[in-house]
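Take a look at the structure set out below.
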Amino acid sequence: MTLIDGKATARAVRAELKAETERFEAQTGKKVGLAVVLVGNDPASQIYVKNKIKGCEETGIRSFAHYLPEHATQKQVLSLVEGLAADENVHGILVQLPLPRGLDEGEILKAIPPEKDVDGFHAENVGALALGERGTVACTPLGVLELLKRYRIPLAGKHAVVVGRSRIVGRPMALLLLNEDATVTVCHSKTADLKEQCRRADVLIAAVGKPRLITKDMVKEGAVVIDVGMNRTEDGLCGDVDFENVAEKASYLTPVPGGVGPMTIAMLLKNTVACARRSCK
Ligand code: NAP
C-alpha cells in the first residue's frame, strides 16, 4: 500500500506557487493579493484563518486580513466585501465560514465577484464546473484531484464512488471526476446499499464526517481510498475511513491528518494565483 503524503505534496505545490508569484510580480509589478474576512470568534475558524495567512506568507502572496466582531451586521459585512471586490490589489476574497447566526451567508457570498471567488462557491464557478468548463473549483475537491494526479492514479474509465454530496466537497468532487472521464457514483445518507456501492469503487472518496464509517469490508482489493473526513473524537482527529484495516486492502490511502487537509490550503493559494493571472488578461 502506498501512503499518499498530503503534507509533502502541499509543500511541493507551495514551492511552485512561490516561483509563480515571483514571476507575476516581475511581469506586472504587482503582488498577488488575497483578502481574508473573519466574522466573530469561532476558535476553529481563527485557526483556519491563521493557517491561510501563514500559507500566503510562505508563497509570496500579500494577505489582507479583516476581522469583524461577532455582532457585525449584514450591512457591515456586505460593505466590506463590496469594497474588497472593487480593490484592484485584491485578486481573491475569502469569507471564512460558518458565519455567525443572523447573517445571510448566501447574500454575502454572492457579493464576491466570480473572478475573485477563490473558494469556488459562486454559482458561475459551480456552473462552469458542471458544464466541464474552466472556472475556479472548490479547494478541498481540487486538492483531492491534485493528489490523484501527482500520484499518477489513472481516472479515465475507472469507477469512482464519492460518499457525500455537500456543496463544498462531495458534489464538486463528483463533477471533477466526471470531467476526468471517470464513471462516477455519488452516495449520501439515503443511499440504500452503501457497502455494495463502495465495493465497486476503483477510487473511493469518503467525505461524510462520520468517524471510521468506511470499513475494510466496504473496500475492493487494490482500491485507491481518499479520506476527506476530519472528525474530532476523544482519541484525537480521525477520518471517515477505518485506516488500519482498510490499509490491508487499499493500493493507495490518505492518512488523517496529513492527507487531504494540507492540500486544501495549498489549492486556496493556487486559486488565488490563478485569479491574479486571469485579472491581467
Ligand atoms: P456535510 O456538509 O455534513 O456533508 C456530509 C455528507 O455525507 C452529506 O451529503 C450526507 O448525506 C452524507 N452522509 C451523512 N451520513 C452518511 C451515511 N451514513 N452514509 C452515507 N452518506 C452520509 O460535510 P462536508 O462539509 O462535506 O464534510 C465532510 C467531511 O469532510 C467532514 O468530516 C469535514 O470535516 C471534512 N472536511 C475536510 C476538509 C479538509 O480540508 N480535509 C474540508 C472540508 C470538509 P445527505 O446529503 O443525504 O445529508
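The values are calculated or read from the model by the stated rules, or taken from the named source; none is laboratory data. Keep in mind that what you see is a predicted model, and the values were worked out from it rather than measured. Cβ placement follows ideal geometry from the backbone for every residue including glycine, while neighbour counts extend to all protein chains displayed. Areas reflect the complete protein model, heavy atoms only, side chains present, ligands, DNA and RNA absent. Shrake-Rupley method; radii C 1.70, N 1.55, O 1.52, S 1.80 Å.
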**Message:** Being under 21 Å from the mean Cα position of the chain (by Cα) and aliphatic (A, V, I, L, M) is the filter here; which residues of region 9-35 pass it?
**Reply:** Ala10, Ala12, Val13, Ala15, Leu17, Val32, Leu34, Ala35
**Complete:** When region 4-18 is checked residue by residue, the ones that are open to solvent by less than 70 Å² (accessible area, probe 1.4 Å) and touching a residue at least 60 places away in the same chain (Cβ under 8 Å) are Ile4, Asp5, Gly6, Thr9, Ala10, Ala12, Val13, Arg14, Leu17
**Request:** Considering (1) within 9 Å of the ligand (Cβ to nearest atom); (2) open to solvent by less than 10 Å² (accessible area, probe 1.4 Å); (3) in contact (Cβ under 8 Å) with a residue 40 or more places away in the chain, say which one Ile265 fails and leave the rest.
**Result:** (2)
**Asked** Within region 219-237, restricting attention to residues that are in contact (Cβ under 8 Å) with a residue 40 or more places away in the chain and part of a strand (DSSP E or B), which residue is farthest from the ligand (Cβ to nearest atom)?
**Response** Val224
**region 118-131 - residue that is open to solvent by less than 20 Å² (accessible area, probe 1.4 Å) and touching a strand residue (DSSP E or B) at 6+ places or on another chain (Cβ under 7 Å) and, of those, nearest to the ligand (Cβ to nearest atom)** = Val118
**Hits in region 164-193 - residues which are part of a loop (DSSP other than H, G, I, E, B) and not basic (Lys, Arg)** = Gly164, Ser166, Ile168, Val169, Glu180, Asp181, Ala182, His188, Ser189, Thr191, Ala192, Asp193
**Fill in**
Only one of (1) touching a helix residue (DSSP H, G or I) at 6+ places or on another chain (Cβ under 9 Å); (2) open to solvent by less than 20 Å² (accessible area, probe 1.4 Å); (3) assigned to a loop (DSSP other than H, G, I, E, B) does not apply to Pro100, and that is (1)
**Item:** Hits in region 19-56 - residues which are surrounded by 14 or more Cβ atoms within 10 Å (Cβ to Cβ), among the small types (Gly, Ala, Ser) and within 26 Å of Gly259 (Cβ to Cβ)
**Value:** Ser45, Gly55
**Prompt:** If you take the residues of region 57-74 that are within 26 Å of Glu146 (Cβ to Cβ) and part of a helix (DSSP H, G or I), which of them is most open to solvent (accessible area, probe 1.4 Å)?
**Reply:** Glu57
**Asked** Is it true that Arg134 is without any contact (Cβ under 8 Å) to a residue 12 or more places away in the chain, within 17 Å of the chain's Cα centre (by Cα), at negative phi and open to solvent by 70 Å² or more (accessible area, probe 1.4 Å)?
**Response** yes
**Message:** Looking only at residues that are in a loop (DSSP other than H, G, I, E, B) and touching a strand residue (DSSP E or B) at 6+ places or on another chain (Cβ under 6 Å) in region 194-218, which one is nearest to the ligand (Cβ to nearest atom)?
**Reply:** Val208
